[in-house]
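A.B. asks: Supplied in structure tokens, the structure appears directly below.
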Amino acid sequence: MIANPYTQADWNAVIPLFIVGGAALIVLLADLVSPKYANRYVSMAIGILGLIGGGVYAGTTYGVSHNAFGGGFILGGFAVVLQEVIVISAIFSIALFGAIGRGDRIAGSVALMLWSTAGAMLMAGAANLMTIFLGLELLSLGLYCLCGLADRPTSRESALKYLILSSTASGFLLFGMALLFGATGSVTLAALTTPAVAVNPLYWLGGGLFLVGLAFKLSLVPFHVWSPDVYEGAPLPVTAFMSVVTKAGTLAVFARFAYAAIPAHASNALLIPFFIIAGISMIAGNLGMLAQTDMKRLLAYSGIAQIGYIVASLAGGTDQGVRYAIYYLVAYMFMNLGAFAIVALLSTDKEEGSSIASFHGLAQRRPVLAAVMTFFLLALAGFPPTAGFLGKILILSTNVSAGFPWLAALLIAGTAISLYAYFKVIRLMYDRHAKPQALPSVQAPLAYVSMAVCVILVVVMTFYPYTPSNVLPLVK
Amino acid sequence: MLFVIWLVPLLGAILCWAFGPQLKRAAGVLGSAAIAVSFIATVASWGAATQNGGTHQFLFSWLRGFDFGLLFDPLALIWVLIITGVGFLIHLYSVGYMWNDNAVARFFAYLNFFVFAMLTLVLSDNFAGLLVGWGLVGLASYFLIGFWFFKPSAVAAARKAFVINVVGDVGIMFAIFMMFSRIGTVTYAGVFANPHALDPWLFWICVFLFIGAAAKSAQLPLHTWLPDAMEGPTPVSALIHAATMVTAGVYLVARCAPLWSASHDAQTLVGTVGALTALAGAVLGIAQWDIKRILAYSTMSQIGYMIMGVGVAAYTAGVAHFFTHAFFKACLFLGSGIIIHALSDEQDIRLMGGMRKRLPVAFWAMGFAVFAISGCPPFAGFFSKDQVIYGALEHGYVWMWAVGLITAGITSYYMFRLFIVTFFGTYRGELKPEAVGIAEESSSAAQAAGSSVIAHEHSEPHGHENGHAPGWIMAVPVAILGLFSLVAGWIMAGQNSPWARFFASSFPREALPPATVTEGVTSGIAIAMFLIGLGVAYMRYGTREALANAPARLKRESETLPAVLVNLYYFNEILDWLFVRPAQALGQFFGRWMDPHFVDGVVREIVMTNRFLGTLMRSFQTGLLRAYALIVVFGAMCFAVYYALEGAMR
């Protein structure tokens, strides 16, 4: 007898997703009835409240540990932490809508962003190939539209590039999943752990193509080519969103794959190419930063390298590794979103403040913004005593103890290059001979608030380097 | 309560900083009030420190092995009392001293910040927190030495102090690394529970800790920054470079008593350095004419005593000398500040004289302090110095005992030289500088680096246009400190003194064989040394005939002083030859040869490579979709080939 799927399914597990997705519908409905002068704020308020609701509900399941949907969705520690990261960065991203493109209706953007968030949240707990793909596509579909929503040609270019390249990568991913299914006869990740599958060539090829798909989403070299163009063209809040949410969701999938879906003896051989490209990304991403004249592009390259560090932390499959990866991911989230908030604050109605020129001589015009930006850049570069420094030290230590000293060496080399790139921006901001520019007068209290919150949290993380301790059992 | 003690000075610093322009002179009141609150809170929480071995306040947990917290025990209590108590008096005095300075709010912000940093140092319950405080006091000292940043000499002195102190910070950092990698914790409780767990690195950990202590406390050979640090305002010299910060090294060794008690070699090393510094500082003090530099060398010498005391495991004695020294040395500095103030920034004692009638408060207070530092019973310095000297003997270091006694005699001599030349006779300020032997262009490099010459050119910026602060503001603190210079030692008299009982359970105790000479005999010799020093000073400067011919005599002395002393044993020159010249030569080598031919080449290579790589990366980043797709597919193919091969080989 086939059990009734509706009673088998554990709907509690996906309530946060429903809250977030439902909020998107309410945003759209509310936009129809709210007056024109208020609809921006209504949309943002409902979106943020929905995310907070989803985040709070997800938080209550932190201690829980069980499989929902027949093992397709695993709830508890790790998934919840990642969901919180996703929700928080979505909130910060929506807050940035307040600073750019005044006069546009944004209900559509907010709704799409919420649905994408729901997709990423699904990825955070996904434990079989179906849910992984479902989450990934839900995330990506929203983003294809979002990238094209700004009123400029580069935005549409960005959307098209993202659509085509991402579809290609999804093709590899899906093909890999099909091969994995062929090798094991099951879609669950747990089925992949049986030692017998490791002798099947299909398993290897499938795993490899699966990893290609993930590497694309994480924009690891050489699958990073899309990210600078797409980041540059997409509207600022969308770029901020992509720089953390996509990464967090994909990292969750990768971590679960790496920790829980590979027979122990095959783990190293299967994952080593992924760590190699992570190591290359640390160098290439930081090198790429050197020649940039657009802040969003610069942060895209910076993100390539930063994600390389986080992936490297998972090398060796240690308990520490996943905890430090989470620590660095959270630190990266705040440093990065803080930097985006400042870009938003330098925007005018017509133009986003992402060109490097708007940072030239910033210290004279907006000393506080320049100081805070300096703080974020130093943190991203890993200057002591910031959370970025601490996170890098932790990753270094786990790399060395897990037997990947070459990753540690690449991390140090990458950091050295990045110092130069970040300092170029800092020097530019404190250039005394800059020509005075017209001040963009931004009335964006939310962007100021998110900037301040990011500063505070980066500082707090430095002194309270708390890493969730009961994460590992729940990866599996 | 602990947080009040610790954080109110920080609050004061922030307020003085933030509202400086509005506060102006009121910043002094605010700053002093913050320290007063901290001091009252300290006294009020006396019991918390003395009962049950003190109070421990957990703050937060950083990485594993790094738990930050506050520890308030008898040792910390004594330091906090001095920092806030003497600190308050010096703050009060500064209100008057800085009355006409434009940057008075900045001054009090720094001063309060220093007190906060120093409290962090002594209240921390672990080495990492100690290092944070250690670094912060160095920073505060840097700010305050260079407070008059328009004086090039002040900036140079600040930089020198900072650099030498960083040497010490690095020493402590090494010690922390070694501790952490050996036993995985850096809390005092964890490290002191079993010092021998640190073997075989215990001795080296002590050495590195002591490098930090020596740099901060101006011990040989890292003392050269202290005389130059006198470029700062005089209250700064009193607070930081006499009473508190420079004694941080004493605190560190006393705090780490369990480590030192476990390593006899380390004890000998520290005791030796302390004894030699005590002697060297005293001898250097003989040949100086600048009143603040004399006091600086005497500070170095007295800290040598303290370091010798804690080094030879006579911890109670070393700390006792810190306690009394804080009073009489602060008193001496503040008194000299009154003189300097009254004489419009004259610091050369040859141009003083006859101050007894003019500045009676300074005369009486400094008189008490001079008797105290010279070791005259019943003044404070007698009791504590006696304990240190006897402690060295008790622990088997006879030569240190002898050195201590000889130094006591020299100290007595140069302090009374200062006292008589400054206060007795007639005022010589109207004479030409040459008449008392001040060379037009100072022959010694040290003198040039020092303050007197430059101080003439850049008169200290508190002009006298706006009148003076009420006289009592500066007089009262000096008087109180003078009084304490008399009475502070009385609690230390005798075998079972309140002082000894106070520290009964703080330090490790060793059973000692009876010393060859009793304490009474030691005291007798010390008093004899005091009298000899006093007598020689009187014969040379104090007789009716000497006072009458003072200018001529001083001139003769200036001309005949042994060059070796005037030039500070050529220490600056030796350091110059040892470190500066080789460093410069190395710099020349790199600058003339290495850089253009080798480093530049490499840099050019790197830049070219970077540019090449950048161009390479950009050549991929064409913006063309088909190119991107090609790259992605190419990457995927590489992956596919690897995995196909890997899978096929299974």
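A.B. asks: Just add up the charged neighbours of B:ALA262: K/R +1, D/E -1, any other residue whose Cβ is under 13 Å from the Cβ of B:ALA262. Display every interim value, and only then the final one.
C.D. replies: On the way: positive: none; negative: B:ASP199, B:ASP265, B:GLU510.
Its environment carries a net charge of -3.
A.B. asks: With the full set of protein chains in place, find how many percent of the accessible area of segment A:8-463 is carbon and sulfur; take the probe as 1.4 Å.
C.D. replies: Details: 10500 of 14630 Å².
Looking at segment A:8-463 in its full context, I get 72 percent from C and S.
A.B. asks: Can you tell me how segment B:44-202 classifies by the Cα gyration tensor, rounded, prolate or oblate, using a/c under 1.5 as the rounded cut? Can you show the working numbers first?
C.D. replies: Details: a/c = 2.96, a/b = 1.51, b/c = 1.96.
It is oblate, given that a/c is not under 1.5 and a/b is not larger than b/c.
A.B. asks: Tell me, what is the per residue accessible area of segment A:8-463 in Å², probe radius 1.4 Å? Kindly include the intermediate steps, with their values, before the conclusion.
C.D. replies: Details: 14630 Å² over 456 residues.
On a per-residue basis, segment A:8-463 sits at 32 Å².
A.B. asks: On a 31 Å Cα-Cα criterion, which of the cross-link pairs A:LYS392/B:LYS151; A:LYS36/A:LYS161; B:LYS24/B:LYS329; A:LYS247/A:LYS435; B:LYS329/B:LYS357 come out too long?
C.D. replies: Details: A:LYS392/B:LYS151 42 Å; A:LYS36/A:LYS161 33 Å; B:LYS24/B:LYS329 29 Å; A:LYS247/A:LYS435 38 Å; B:LYS329/B:LYS357 22 Å.
In this structure, A:LYS392/B:LYS151; A:LYS36/A:LYS161; A:LYS247/A:LYS435 lie more than 31 Å apart at Cα.
A.B. asks: Roughly what would the spin-label model give for B:THR426 and B:LEU531, points 7 Å off Cα along C-beta, in nm?
C.D. replies: 3.4 nm
A.B. asks: Here is a follow-up. Tabulate in residue order the Karplus-calculated ³J(HN,Hα) for segment A:51-66, using 6.51 cos²θ - 1.76 cosθ + 1.60 with θ = phi - 60°, rounded to whole Hz; enter x for Gly and Pro.
C.D. replies: For segment A:51-66, the Karplus-derived couplings read 5, 5, x, x, x, 5, 5, 4, x, 5, 8, 4, x, 6, 9, 7 Hz, x marking Gly and Pro.
A.B. asks: Using amide H atoms built 1.01 Å from N in the peptide plane, name the residues 5+ places from A:PHE73, or on other chains, whose amide H lies under 5 Å from its own.
C.D. replies: For A:PHE73, whose amide H was placed from the backbone, the distant partners under 5 Å are A:ALA68, A:ALA127.
A.B. asks: Quick check: from the Cα gyration tensor, does the protein assembly as shown come out rounded (a/c under 1.5), prolate or oblate?
C.D. replies: Numbers: a/c = 2.48, a/b = 2.13, b/c = 1.16.
Note, shape of the protein assembly as shown comes out prolate.
A.B. asks: Could I ask something else about it? If one computes P(r) from the Cα atoms of segment B:318-398, what percent of pairs lie at distances over 21 Å? Display every interim value, and only then the final one.
C.D. replies: Working: 1289 of 3240 pairs.
When all Cα pairs of segment B:318-398 are counted, 40 percent exceed 21 Å.
A.B. asks: Further question: Give the residues of segment A:257-275 whose amide nitrogen is closer than 18 Å to a point set 7 Å from the Cα of A:ASP319 in the direction of its Cβ.
C.D. replies: Residues A:259-260 qualify, since their backbone N sits under 18 Å from the label point.
A.B. asks: Step through the residues of segment A:193-204 one at a time and calculate ³J(HN,Hα) from phi using the Karplus curve (6.51 cos²θ - 1.76 cosθ + 1.60, θ = phi - 60°), rounding each to whole Hz and writing x for Gly and Pro.
C.D. replies: So the Karplus estimates, Gly and Pro as x, are 7, 5, x, 4, 5, 5, 8, 7, x, 4, 4, 5 Hz.
A.B. asks: What spacing in nm lies between the two simple spin-label points modelled at A:TYR420 and A:LEU202, each 7 Å away from Cα in the Cβ direction?
C.D. replies: 4.9 nm
A.B. asks: Measure nothing fancy, just the Cα-based angle from helix B:360-374's long axis to the longest principal axis of chain B, in degrees from 0 to 90, nearest 10.
C.D. replies: For helix B:360-374, the angle is close to 70 degrees.
A.B. asks: Compute the acute angle (0 to 90°) between the alpha-carbon long axis of helix B:2-18 and the principal axis of greatest extent of the alpha-carbon atoms of chain B; round to the nearest 10°.
C.D. replies: The two axes meet at around 80 degrees.
A.B. asks: Follow-up. Do the sum for chain B: with -39,500 (n - 2.57) for every DSSP H run of n ≥ 4, divided by all residues, what is the mean residue ellipticity at 222 nm, to the nearest 500 deg cm²/dmol?
C.D. replies: Values: 33 runs with 446 residues, N = 650.
Roughly -22000 deg cm²/dmol at 222 nm, from the helical runs in chain B.
A.B. asks: Would you calculate the separation in nanometres between label points at B:ASN194 and A:ILE393, each defined as 7 Å from the Cα along the Cα-to-beta-carbon direction?
C.D. replies: Those two pseudo-labels are separated by 2.6 nm.
A.B. asks: Under the rule of at least 5 residues apart or a separate chain, name every residue whose amide H is placed under 5 Å from the amide H of A:ASP294.
C.D. replies: Those qualifying (amide H under 5 Å, at least 5 residues apart or on another chain) are A:ILE356.
A.B. asks: Something else now. What net charge is computed for the residues neighbouring A:SER418, neighbours being all others with C-beta under 12 Å from the C-beta of A:SER418, Lys and Arg scored +1, Asp and Glu -1?
C.D. replies: +2
A.B. asks: Here's another thing I want to ask about it. Just to verify a number: FRET efficiency for B:ARG182 and B:THR518, C-beta to C-beta distance, R0 = 51 Å, to 0.05? List each step's numbers first, then the result.
C.D. replies: Working: r = 42 Å, r/R0 = 0.83.
Efficiency for this residue pair is about 0.75.
A.B. asks: Okay, next question. Hey, if we sort A:TYR430, B:TYR297 by accessible area with the 1.4 Å probe, largest down, what's the order? Don't skip to the answer; put the middle values down first.
C.D. replies: Numbers: A:TYR430 105, B:TYR297 5 Å².
Descending order: A:TYR430, B:TYR297.
A.B. asks: Under a Cβ-Cβ cut-off of 13 Å, what is the net charge of the residues other than A:TYR203 that fall near it, where Lys and Arg count +1 and Asp and Glu count -1? Before the final figure, lay out each step's value.
C.D. replies: Values: positive: B:ARG650; negative: B:GLU646.
Neighbourhood net charge equals 0.
A.B. asks: Which chymotrypsin sites (Phe, Trp or Tyr not before Pro) from segment A:10-118 combine a DSSP loop assignment with at most 16 other Cβ atoms within 10 Å?
C.D. replies: In loop regions of segment A:10-118 (DSSP not H, G, I, E or B), the sparsely surrounded chymotrypsin sites (Phe, Trp or Tyr not before Pro) are A:TYR37.
A.B. asks: If you take the square roots of the eigenvalues of the alpha-carbon gyration tensor of chain B and sort them as a ≥ b ≥ c, do you get rounded (a/c under 1.5), prolate (a/b over b/c) or oblate? Before the final figure, lay out the partial values.
C.D. replies: Details: a/c = 1.82, a/b = 1.49, b/c = 1.23.
It comes out prolate by the Cα gyration axes.
A.B. asks: Return the carbon/sulfur percentage of the accessible area of chain B, one whole number, probe 1.4 Å, all protein chains in place.
C.D. replies: Heavy-atom surface of chain B belonging to carbon and sulfur, 1.4 Å probe: 70 percent.
A.B. asks: Now for a different question. By how many degrees, between 0 and 90 and to the nearest 10, does the Cα long axis of helix A:153-184 differ from the longest principal axis of chain A?
C.D. replies: Value to nearest ten degrees: 10.
A.B. asks: For n ≥ 4 DSSP H runs only, could you compute -39500 (n - 2.57) per run for chain A, divide by its residues and tell me the 222 nm figure to the nearest 500? Mind showing how you got there, number by number?
C.D. replies: Details: 20 runs with 332 residues, N = 476.
Mean residue ellipticity, 222 nm, calculated: -23500 deg cm²/dmol.
A.B. asks: Just to check I understand the Karplus step: with θ = phi - 60° and J = 6.51 cos²θ - 1.76 cosθ + 1.60, what whole-Hz values come out for segment B:166-182, glycine and proline as x?
C.D. replies: 5, 3, x, 4, 5, x, 5, 4, 4, 4, 5, 4, 5, 4, 5, 6, 7
A.B. asks: Still on this structure, please answer the following. Give, to the nearest whole percent, the P(r) tail of chain A beyond 29 angstrom, counting all Cα pairs.
C.D. replies: On the way: 50673 of 113050 pairs.
Pairs farther apart than 29 Å: 45 percent.
A.B. asks: Moving on. Return the value, in Å² to the nearest 100, of accessible area buried between chains A and B (probe 1.4 Å, both sides summed).
C.D. replies: Looking at A and B, the buried total is near 3000 Å².
The values are calculated or read from the model by the stated rules, or taken from the named source; none is laboratory data. Given the structure is predicted, the values throughout are model-derived calculations rather than measurements. Here the Cβ is made from the backbone with ideal geometry for all residues, glycine too, and neighbour counts use every protein chain on show. Only protein heavy atoms, including side chains, enter the accessible area calculation; ligands, DNA and RNA are left aside. Shrake-Rupley method; radii C 1.70, N 1.55, O 1.52, S 1.80 Å.
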